[in-house]
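What follows is a set of notes on a single structure, which appears directly below.
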Amino acid sequence: MKKRLIIYLACLFACLIASCSEKDEVISNGGEPQNYVPFAINKGVNISNWLSQVDAIPANGFSQAEAQKLAGYGFDHIRLPIDEKLFFTEDGQKIPEAFTLLHNAIGWCRDAGMKVIVDLHVLRDHNFNTTVTTSGDPIESFYDTFEDMKWAGWFANGSGVTVNNVDNPSKSGINTSNRVFSVVRKSGVDTWSNAKKKDFSIIPVGSGKMQFKYLRAKIYKSTKSTITVVLSDENNTNDGYYGYTNTTANEWEEIAVDVSNYNKNCGRVALRPEEGETMYFDDVFFSDSKTGDNKIYPESGTTTVVPKLWTDKDAQYKYLDLWKTLAEELNQYPNDLVAYELLNEPVAPYASQWNSLSAQLIRELRQTEPERKLIIGSNRWQSVNTFNELTIPGGDPNIILSFHFYNPHPLTHYQAEWTEEKDLNVPIHYPGELIEEADFNQLSEAMQKLVTPYMGTYDKTTLESLVLKAEMKATSLGVQLYCGEFGCYKKTPAADRMEWIRDVVSILKDRHISYSYWEYKAGFGFCDSQGNVIEQEVLDLLTK
């Protein structure tokens, strides 16, 4: 079953992203140059509640006979969700019985002429079903004072500069500190050289509400000239360059460099004076205003419990290692038979966190499998509305973008027991006005707040305009597009449900977008728990 929150609140915890070392520069995505390998899929179905979202693997979850039956219906692939807890013990040991079933399923599908997408669905440290809590924990930047001879992680980046923790050259005015940091830049040697800081907790920088907007510091120089500030992500890419010219000489000046258009997670900061200059700086930090401190304070009660994958470097390393182990198991299969879906419905606080972690995983996997199809979706449930935030490593022809389509959610999850729509007790419509005004006025204040973002008129044209968001992104990147999940829950009024499924399938077929229906046999499925067809019309729409 699909479990999800409808509204992911905007104000969130400060989070960590695993940092890459200097040697992790991307060259052909970390491996050999890649050739495009076709992964010809068209119509598929999700095999849910077998190796995923169950406490124990059921005996009747999937079989060779069912693989043959699905192929006979006209499906050419399955999407196979798997969960970490069913395949690995808590200390990372493989559970042989689960891997045997995984290999069996791939073999059954191969023999039936179907391909398999292995979807890492739920981790111990990440579940797309994120719960909401109340908290006012701030996001915090570093604050470097350089007292007690500390370097605070700054170093000389290149042979054109020297750096040091030194005595304050002028203990007066706005800076009476004992120790400060110095940068001496030579002339004509490595003109890009600078003083650099890395390996700090990733800092969201940008124009958004919960992002830092200024790099603040105190500086001292003997001349008025331009300082260059360089921001990079944790992979030392996606640079942003900002200049600041000091207004005084031979005295300390407090500066606030506007970096709000960076709009990425910052993992490295560099400061560079002009050639032949010496610069001293002190009290360096990010702030959300020209006069604020090094913290951003969310409104009370508006943060969420963030999955550990986004707050703990060890959890991220574990995720990378888990995929390496999975790939070692699966790399025996041809590239045109098995594809890897890196993570189902990531829910990171910031899209850049998922973009960074997935890019690191792609580089790791490309070391051994440069031509394996890797499937990736956008942050926040792979929604078409967040596809514009998705980034992937450039020059990789074997990436497939995947979106999930449950729009509008109050319709597709109408009265679904595990969602907030479980108490939605007024009629709902498709096509047409989702909820009529008179019915909307009968809802509780809480339910009105829940459905308001989805209110409006929906029809095939509306749905197609949403699908186009994902299609345009895939087209701009020159990669294959896939709808990995779509479906409508059984409690949705039957006529409206069928019209919605009919329109979505028609859109995907017309636009030549391959798809996998959620799901085979469960609350959204066209079969009962024994695999008997109970909705022939849905099956025909999907396969004919």
**Message:** Between Asn261, Asn236, which is polar (S, T, N, Q) and either modelled with pLDDT under 90 or within 22 Å of Phe181 (Cα to Cα) (or both)?
**Reply:** Asn236
**Asked** Name the residues in region 403-461 that are under 30 Å from the mean Cα position of the chain (by Cα), of a type in the set (A, V, I, L, M, F, W, C) and exposed (fewer than 13 other Cβ atoms within 10 Å of the Cβ), would you?
**Response** Ala446
**Item:** Matching residues in region 519-539 - criterion: being within 13 Å of Ala494 (Cα to Cα) and out of contact with any helix residue (DSSP H, G or I) (no Cβ under 8 Å at 6 or more places or on another chain)
**Value:** Phe524, Glu535
**Complete:** When region 367-382 is checked residue by residue, the ones that are buried (at least 23 other Cβ atoms within 10 Å of the Cβ) and more than 21 Å from His77 (Cβ to Cβ) are Ser378, Asn379, Trp381
**Asked** How many of the residues making up region 101-120 are more than 30 Å from the chain's Cα centre (by Cα), in a helix (DSSP H, G or I) and surrounded by fewer than 21 Cβ atoms within 10 Å (Cβ to Cβ)?
**Response** 5
**Message:** What's the total number of residues in region 445-466 that are more than 19 Å from Asp496 (Cβ to Cβ) and either at pLDDT 95 or above or of a type in the set (Phe, Trp, Tyr) (or both)?
**Reply:** 1
**Message:** Considering only residues that are of a type outside the set (A, V, I, L, M) and either outside the structural domain of Asn388 (by TED's automatic domain parsing) or within 17 Å of Ser402 (Cβ to Cβ) (or both), which ones fall in region 336-362?
**Reply:** Tyr340, Glu341, Asn344, Glu345, Pro346, Trp354, Asn355, Ser358
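Residue by residue, here is whether (1) out of contact with any Pro (no Cβ under 6 Å at 6 or more places or on another chain); (2) at pLDDT below 95; (3) over 22 Å from Gly153 (Cβ atoms); (4) of a type outside the set (Ser, Thr, Tyr) holds:
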position: Phe281; (1), (2), (3), (4): yes, no, no, yes
position: Lys290; (1), (2), (3), (4): yes, yes, yes, yes
position: Asp293; (1), (2), (3), (4): yes, yes, no, yes
position: Val305; (1), (2), (3), (4): yes, yes, yes, yes
position: Thr311; (1), (2), (3), (4): yes, yes, no, no
position: Lys318; (1), (2), (3), (4): yes, no, yes, yes
position: Asp321; (1), (2), (3), (4): yes, no, yes, yes
**Complete:** When region 506-538 is checked residue by residue, the ones that are of a type in the set (A, V, I, L, M), more than 21 Å from Glu341 (Cβ to Cβ) and crowded, with 20+ Cβ neighbours inside 10 Å are Ile507, Val538
**Asked** Only one of these conditions is not met by Gly478: (1) on the phi > 0 side of the Ramachandran plot; (2) more than 23 Å from the chain's Cα centre (by Cα); (3) not hydroxyl-bearing (Ser, Thr, Tyr). Which number is it?
**Response** (2)
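Yes/no matrix, rows are residues, columns are (1) over 24 Å from Arg363 (Cα atoms); (2) β-branched (Val, Ile, Thr); (3) touching a residue at least 60 places away in the same chain (Cβ under 8 Å); (4) touching a Lys or Arg at 6+ places or on another chain (Cβ under 7 Å):
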{"residue": "Asn379", "(1), (2), (3), (4)": "no, no, no, no"}
{"residue": "Leu390", "(1), (2), (3), (4)": "no, no, yes, yes"}
{"residue": "Asn441", "(1), (2), (3), (4)": "yes, no, no, no"}
{"residue": "Asp459", "(1), (2), (3), (4)": "yes, no, no, no"}
**Request:** Among the residues of region 172-214, count how many are among the polar types (S, T, N, Q) and more than 23 Å from Ser287 (Cα to Cα).
**Result:** 5
**Message:** What pairs come out if I take residues in region 87-103 that are farther than 13 Å from Trp50 by Cβ and in the same structural domain as Glu328 (by TED's automatic domain parsing) and pair them with residues that are surrounded by 10 or more Cβ atoms within 10 Å (Cβ to Cβ) and aromatic (Phe, Trp, Tyr) whose C-beta lies under 7 Å away, six or more apart or interchain?
**Reply:** Lys94/Phe87; Lys94/Phe88; Ile95/Phe87; Ile95/Phe88; Phe99/Phe87
**Elements of type helices (runs of 4 or more DSSP H) contained in region 443-517, each with 2 or more residues being of a type in the set (Asp, Glu)** = 460-477, 494-510
**Request:** Give me a count of the residues in region 350-385 that are assigned to a helix (DSSP H, G or I), basic (Lys, Arg) and farther than 18 Å from Leu326 by Cβ.
**Result:** 0
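The values are calculated or read from the model by the stated rules, or taken from the named source; none is laboratory data. In this text the structure is predicted, and so the values were computed from the model without any measurement. Cβ atoms come from the backbone with ideal geometry, glycine included; neighbour counts cover every protein chain shown.
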